[in-house]
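Everything on this sheet refers to the single structure shown next.
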Amino acid sequence: MDERSPLIIYPLNTEEPTNNGTPRRDSAPRSGTRKLSTFLGVVVPTLLAMFSVVLFLRMGFVVGQSGLYESVGMLILSYFIIGMTVLSVCAISTNGALDAGGAYYMISRALGPEFGGSIGIMFFFANVCGSALYILGLVENIVSMFGISPGLSYYYCLVLPKIIISDIFSIAHYAQDYTTGRMMSFATVFAVMFNGCTGIMAGSNMSGDLKNPSYSIPRGTITAVIFTYIIYNLLALMISCTCDRTLLQNNYSFLRDINICPPLVTIGIYCSALSASMSNLIGASRILYALAKDKLFGKLLMPAKMTSRGGNPWVSVLMSWFLVQMVLFAGKLNTIAAIATIFFLLVYAAVGLACLALEWASAPNFRPTFRYFTWYTCILGILGCLTMMFLIQPIYASASIVFMLILLVCLHYLSPSHSWGFITQALIFHQVRKYLLMLDVRKDHVKFWRPQILLLVSNPENHKNLITFANDLKKSGLFVLGHVSLEELDVLPSDPLQTRTDSWLQLVDELNIKAFVNLTLSNSVRYGAQQLLFISGLGGMRPNTVILGFYTRSTPEDLLRNDQELDRSTPFVYTSTGRTPPSENFSAWEYVAIISDSIKMSKNVVLARYFSEFDRFSICSLKGKDTYIDVWPLNLLRPDSASYVNTCSLFLLQMACVLNMVRSWKKAKLRLFLCVERDSGLRGQEVKLKQLLKDLRIKASIQTVIWDSVVALHWHKQVEAADTAEEVYLNYPNNSIKISDDYLMAVNQMILGQNPMAPPAVRFLYLPRPPADTSIYNRFLNQVEAISRNLGPTLLIHGVSPVTSTEL
């Protein structure tokens with residue numbers, strides 16, 4: 001209900017939309033039919049709302065203080081502001097029926113609960129102040145009639161007065177307000193006058209009772225605004241032609257004395273004051289009731305939901321009445337006028353913002369039948385409202401905006417979710433689409449590379465540690481949680497992933513991570529992973545790095561019989577809904593095939609092991625104790641091709657450096673392990689590695705590891721010691737099967753033996769590319785498992801893309 005609507009009790013809304021858009025009926029349906037015409041349903045309520053006591057008690061004050069020219073200028077400015085707002089009101093109101101709450105209902109359903117709740121409170125206070133303002137106007141008139149006479153000589157003319165040219169026509173003579181004792185100015189006088197121009201949404205609230213709301217609201221509101229503008233200008237002209245400035249400045253009840261029939265003015269004052277104050281009181285109570293019903297403020301406003309048998313919110317009325325009594329202690333109409341005006345201007349600016357947001361979002365469902373508005377009329381209205389707020393009273397304006405922002409932030413974090421829709425989502429979509437089209441993959445450069453991660457998980461509850469760690473590793477890049485469900489759509493009544501997505505999104509909220517969720521159906525994990533690799537991301541925002549938990553051989557039956565056998569770092573243990581699970585629905589061969597597929601698609605691969613033991617909180621909270629990140633950038637399965645400067649090694653260094661740049665990991669120290677043989681030029685290799693780190697701007701300590709006894713167990717050393725004829729087999733593709741278990745165990749013990757008193761929080765190891773011969777995939781996985789056994793949280797990484805740069 002609008003702030004100046006006439007004293008009419010509107011039917012309460014009893015329907016709320018459900019998630020699928022159908023009405024939810026909480027009580028009895030609305031009674032009555034739509035029967036009001038444009039004139040009775042829109043024009044009359046708006047006229048009664050805008051012709052308040054300001055017309056009788058303050059129009060002379062405005063002319064007496066500002067003169068005719070400035071008064072006309074004030075009217076032009078006022079009606080320009082409300083004119084731009086009316087265009088927005090008409091647009092929103094013709095895009096759907098309004099309910100109780102007026103501007104609150106418009107803004108909350110257009111901009112979302114945060115904006116709606118904060119502006120709704122401001123609109124509530126505006127109505128409370130407006131109600132108090134009209135009561136004070138009535139009291140002022142009663143005191144003027146029956147109290148002490150001001151004792152001034154009144155200069156006025158009687159019937160058909162002679163029109164005189166007086167100084168009222170000039171710009172000029174601001175004087176003290178005899179009720180407050182303050183010196184008047186353009187801003188303070190405008191604040192008083194603007195209260196007579198509000199009430200423009202009285203007709204919009206009648207939409208439920210109009211025969212044709214889309215037709216009546218714009219035409220009726222605009223007609224009422226034009227009519228009141230003409231009357232105010234005519235009254236200003238007639239007053240300036242017939243009354244002395246001293247009279248106007250010192251007697252607010254002068255119209256009663258100069259009127260042909262003084263009782264008519266008294267009746268008008270009483271009726272307008274009572275009607276406006278009561279309508280504002282009822283309007284405030286309906287806003288409070290709407291806020292309570294929407295549960296935006298939780299239990300704080302719960303009593304305001306109580307209604308009588310007839311559906312009237314009597315508790316809200318009492319609460320509003322009590323606040324009106326508090327405002328009355330201000331004592332002076334002109335004092336309250338400035339506060340009420342600022343509140344109304346803020347609400348009108350918010351209505352313009354709501355319409356502007358809907359227009360800019362280009363939502364297909366925003367198609368109001370009233371089309372005589374554009375985005376720049378909304379902006380003009382918003383700027384006009386904000387400008388006048390600060391001209392009237394900068395302190396009050398700033399305080400009201402700060403208070404509104406505090407409410408907005410509180411509601412954003414504390415209010416329950418609603419199904420109204422959020423305009424912010426539409427605006428974000430509009431902008432993201434535009435910028436995604438501008439994100440050209442052909443313009444990518446290694447200097448601006450960042451990890452964009454696809455993390456494949458099965459049961460997210462078992463992988464929270466890995467999920468939060470991957471969120472740290474992404475360095476503000478894309479992060480997608482991927483999941484393959486082993487089901488066939490042919491035998492299902494509908495897509496089950498649509499309902500499961502919500503639970504995944506709840507997990508994202510719970511972990512407070514910035515991630516997307518991408519689910520798919522497939523008859524095998526490998527093909528499902530291929531789908532996710534193909535479809536994840538959009539445009540230039542696609543994953544470039546795939547993270548997998550480490551493989552476990554536990555089958556679904558094993559997991560059901562013995563939960564202790566579950567290696568919680570594995571992401572791939574699946575069952576098929578409605579079908580008996582196979583004995584092993586995900587093999588080691590298929591796991592390695594996914595690694596190979598990812599590399600073929602030019603994706604970097606990260607295997608995460610033992611992250612069930614990872615505790616991010618303990619690492620972040622360690623004080624006085626060093627935290628380490630260990631990096632082993634050598635291909636430990638191929639020491640015969642040892643190199644610290646290949647693409648994969650540099651990728652390993654980059655990922656460790658990225659982790660070290662995250663706020664919670666900045667205190668961690670990088671340790672780079674250099675594996676060398678005694679006769680291979682120890683000093684030279686260390687110098688080269690230090691220079692590499694310097695060029696890459698990576699701060700790390702180099703730990704030299706003499707591994708002669710370990711590398712002697714590798715097959716290539718044995719070949720070198722044998723007949724030279726066998727050297728032809730050095731690069732044979734299947735040489736990896738020659739790696740002995742003794743060598744793998746020695747490498748594992750070498751890694752474990754480094755700094756046993758200061759173990760790292762996480763280790764980075766080089767992951768070799770899977771062999772070309774698919775028949776030895778299982779052997780390859782066994783080798784990787786043996787090297788990384790019992791190392792604690794470990795990342796085995798294979799990089800395929802250049803990611804480091806030494807240039808500006």
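The values are calculated or read from the model by the stated rules, or taken from the named source; none is laboratory data. Nothing here was measured: the structure is a model prediction, and the numbers come from that model. Using ideal geometry, Cβ is built from the backbone for each residue, glycine included, and neighbour counts are taken over all protein chains shown. These accessible areas exclude ligands, DNA and RNA; they are computed on the full protein's heavy atoms, side chains included. Shrake-Rupley method; radii C 1.70, N 1.55, O 1.52, S 1.80 Å.
Residue-by-condition table, conditions (1) open to solvent by 10 Å² or more (accessible area, probe 1.4 Å); (2) touching a residue at least 60 places away in the same chain (Cβ under 8 Å); (3) not acidic (Asp, Glu):
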site: LYS305; (1), (2), (3): yes, no, yes
site: GLY310; (1), (2), (3): yes, no, yes
site: VAL315; (1), (2), (3): yes, no, yes
site: ILE339; (1), (2), (3): yes, yes, yes
site: GLY352; (1), (2), (3): no, yes, yes
site: TRP360; (1), (2), (3): yes, yes, yes
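From ARG58, ARG4, grab the single residue that is open to solvent by less than 10 Å² (accessible area, probe 1.4 Å), modelled with pLDDT under 60 and touching a helix residue (DSSP H, G or I) at 6+ places or on another chain (Cβ under 7 Å). Walk me through it before giving the result.
Numbers: ARG58 fails: modelled with pLDDT under 60.
Unique residue meeting the criteria: ARG4.
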So which pairs qualify, if the first residue must be in segment 500-523 and assigned to a loop (DSSP other than H, G, I, E, B), the second must be among the polar types (S, T, N, Q) and open to solvent by 20 Å² or more (accessible area, probe 1.4 Å), the Cβ gap must be under 6 Å, and the two must be at least 6 apart or on different chains? ILE513/ASN471
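Tell me the residue from ILE428, ILE453, ILE382, ILE467 that is under 30 Å from ILE339 (Cβ atoms) and not polar (S, T, N, Q), please. Walk me through how you get there before you give the answer.
Details: ILE428 fails: under 30 Å from ILE339 (Cβ atoms); ILE453 fails: under 30 Å from ILE339 (Cβ atoms); ILE467 fails: under 30 Å from ILE339 (Cβ atoms).
That would be ILE382, the only listed residue that is under 30 Å from ILE339 (Cβ atoms) and not polar (S, T, N, Q).
I need a count of the residues in segment 209-229 that are open to solvent by 10 Å² or more (accessible area, probe 1.4 Å) and of a type in the set (Ser, Thr, Tyr).
4
Kindly evaluate ASN465 against the criterion of being within 18 Å of VAL662 (Cα to Cα), buried (at least 19 other Cβ atoms within 10 Å of the Cβ), among the polar types (S, T, N, Q) and touching a residue at least 12 places away in the same chain (Cβ under 8 Å). Give the derivation first.
Values: within 18 Å of VAL662 (Cα to Cα): yes; buried (at least 19 other Cβ atoms within 10 Å of the Cβ): yes; among the polar types (S, T, N, Q): yes; touching a residue at least 12 places away in the same chain (Cβ under 8 Å): yes.
So ASN465 passes the test.
Provide a single number: the residues in segment 244-267 that are under 56 Å from the mean Cα position of the chain (by Cα) and either under 21 Å from VAL72 (Cβ atoms) or in a helix (DSSP H, G or I) (or both). Give the derivation first.
From segment 244-267, those under 56 Å from the mean Cα position of the chain (by Cα) are 245-256, 264-267; that's our starting set.
Add one more test, that the residue is either under 21 Å from VAL72 (Cβ atoms) or in a helix (DSSP H, G or I) (or both), and what stays is 245-250, 252, 254-256, 264-267.
Summing the residues that are under 56 Å from the mean Cα position of the chain (by Cα) and either under 21 Å from VAL72 (Cβ atoms) or in a helix (DSSP H, G or I) (or both) in segment 244-267 gives 14.
So for segment 676-697 (the condition being in a strand (DSSP E or B) and either in contact with a Ser or Thr (Cβ under 6 Å, 6 or more places away or on another chain) or at pLDDT below 90 (or both)), does at least one residue qualify?
yes
Counting only residues that are β-branched (Val, Ile, Thr), open to solvent by 60 Å² or more (accessible area, probe 1.4 Å) and in contact (Cβ under 8 Å) with a residue 40 or more places away in the chain, how many does segment 246-271 have? Give the derivation first.
Here is the first cut: in segment 246-271, the residues β-branched (Val, Ile, Thr) are 246, 258, 260, 265-267, 269.
Adding the requirement that they be open to solvent by 60 Å² or more (accessible area, probe 1.4 Å) leaves 246, 260, 267.
This time we only want the ones that are in contact (Cβ under 8 Å) with a residue 40 or more places away in the chain, so: 246, 260.
The number of residues fulfilling the criteria is 2.
Return a yes/no flag: does segment 373-380 have any residue that is assigned to a helix (DSSP H, G or I), under 23 Å from PRO113 (Cβ atoms), without any contact (Cβ under 8 Å) to a residue 24 or more places away in the chain and open to solvent by less than 90 Å² (accessible area, probe 1.4 Å). Let's see the steps before the verdict.
So the first thing to find is which residues in segment 373-380 are assigned to a helix (DSSP H, G or I), and the list is 375-380.
The next check asks that each one be under 23 Å from PRO113 (Cβ atoms); those that pass are 378.
Filter once more, keeping what is without any contact (Cβ under 8 Å) to a residue 24 or more places away in the chain: none.
Checked segment 373-380: no residue is assigned to a helix (DSSP H, G or I), under 23 Å from PRO113 (Cβ atoms), without any contact (Cβ under 8 Å) to a residue 24 or more places away in the chain and open to solvent by less than 90 Å² (accessible area, probe 1.4 Å).
Test of understanding: among LEU356, LEU274, LEU301, LEU345, which residue is closer than 24 Å to ILE135 by Cβ and open to solvent by less than 60 Å² (accessible area, probe 1.4 Å)? I'd like the intermediate steps shown before the answer.
Working: LEU356 fails: closer than 24 Å to ILE135 by Cβ; LEU274 fails: open to solvent by less than 60 Å² (accessible area, probe 1.4 Å); LEU301 fails: closer than 24 Å to ILE135 by Cβ.
Criteria check complete, one pass: LEU345.
Would you check which residues across segment 230-244 are open to solvent by less than 20 Å² (accessible area, probe 1.4 Å) and over 19 Å from MET50 (Cα atoms) and list them? Don't jump to the end; show me each part of the working.
From segment 230-244, those open to solvent by less than 20 Å² (accessible area, probe 1.4 Å) are 232, 236, 239-241, 243; that's our starting set.
Residues satisfying the conditions are ILE239, SER240, CYS241, CYS243.
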The condition of being closer than 21 Å to SER204 by Cβ, small (Gly, Ala, Ser) and modelled with pLDDT of 85 or more holds, among SER275, SER285, SER240, SER216, only for SER285
For SER88: the one exception among (1) open to solvent by less than 10 Å² (accessible area, probe 1.4 Å); (2) within 24 Å of THR335 (Cα to Cα): (2)
Take the conditions in contact with a Leu (Cβ under 7 Å, 6 or more places away or on another chain) and either assigned to a helix (DSSP H, G or I) or surrounded by 18 or more Cβ atoms within 10 Å (Cβ to Cβ) (or both) and apply them to PHE366. Does it pass? yes
Looking only at segment 475-499, which residues are more than 27 Å from GLY540 (Cβ to Cβ) and either touching a His at 6+ places or on another chain (Cβ under 6 Å) or buried (at least 17 other Cβ atoms within 10 Å of the Cβ) (or both)? SER485, LEU486, GLU487
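Mind checking which residues of segment 453-462 are open to solvent by 10 Å² or more (accessible area, probe 1.4 Å) and either among the polar types (S, T, N, Q) or over 26 Å from the mean Cα position of the chain (by Cα) (or both)? Before the answer, list the steps.
First pass over segment 453-462, keeping only residues open to solvent by 10 Å² or more (accessible area, probe 1.4 Å): 458-462.
If the condition is that a residue be open to solvent by 10 Å² or more (accessible area, probe 1.4 Å) and either among the polar types (S, T, N, Q) or over 26 Å from the mean Cα position of the chain (by Cα) (or both), then SER458, ASN459, GLU461, ASN462 are the ones that fit.
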What number of residues within segment 629-653 satisfy the criterion of being at pLDDT 80 or above, open to solvent by 40 Å² or more (accessible area, probe 1.4 Å) and in contact with a Leu (Cβ under 9 Å, 6 or more places away or on another chain)? 0
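Right, GLN425: closer than 30 Å to ALA363 by Cβ and open to solvent by 70 Å² or more (accessible area, probe 1.4 Å) or not? Steps first, answer last, please.
On the way: closer than 30 Å to ALA363 by Cβ: yes; open to solvent by 70 Å² or more (accessible area, probe 1.4 Å): yes.
Yes.
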Residues of segment 11-55 classified as β-branched (Val, Ile, Thr) and either open to solvent by 70 Å² or more (accessible area, probe 1.4 Å) or at pLDDT 75 or above (or both), total: 7
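Is it the case that GLN431 is without any contact (Cβ under 8 Å) to a residue 12 or more places away in the chain, of a type outside the set (Phe, Trp, Tyr), out of contact with any helix residue (DSSP H, G or I) (no Cβ under 9 Å at 6 or more places or on another chain) and surrounded by 11 or more Cβ atoms within 10 Å (Cβ to Cβ)?
Values: without any contact (Cβ under 8 Å) to a residue 12 or more places away in the chain: yes; of a type outside the set (Phe, Trp, Tyr): yes; out of contact with any helix residue (DSSP H, G or I) (no Cβ under 9 Å at 6 or more places or on another chain): yes; surrounded by 11 or more Cβ atoms within 10 Å (Cβ to Cβ): yes.
The answer is yes for GLN431.
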(1) within 21 Å of the chain's Cα centre (by Cα); (2) more than 30 Å from PRO543 (Cβ to Cβ); (3) in contact (Cβ under 8 Å) with a residue 60 or more places away in the chain; (4) surrounded by 11 or more Cβ atoms within 10 Å (Cβ to Cβ): which one isn't true of CYS410, the others all being true? (3)
For a quick check of your reading of the model, give me the residue pairs whose first member lies in segment 534-552 and is among the aromatic types (Phe, Trp, Tyr) and crowded, with 21+ Cβ neighbours inside 10 Å, whose second is at pLDDT 90 or above and in a strand (DSSP E or B), with beta-carbon atoms closer than 7 Å and at least 6 apart or on different chains. PHE550/LEU607; PHE550/ALA608; PHE550/ARG609
Taking segment 439-498 and keeping only residues that are part of a loop (DSSP other than H, G, I, E, B) and small (Gly, Ala, Ser), one is left with SER458, SER476, GLY477, SER494
Here are the criteria: (1) modelled with pLDDT under 85; (2) of a type in the set (Gly, Ala, Ser); (3) part of a helix (DSSP H, G or I). Tell me which single one SER316 does not satisfy. (1)
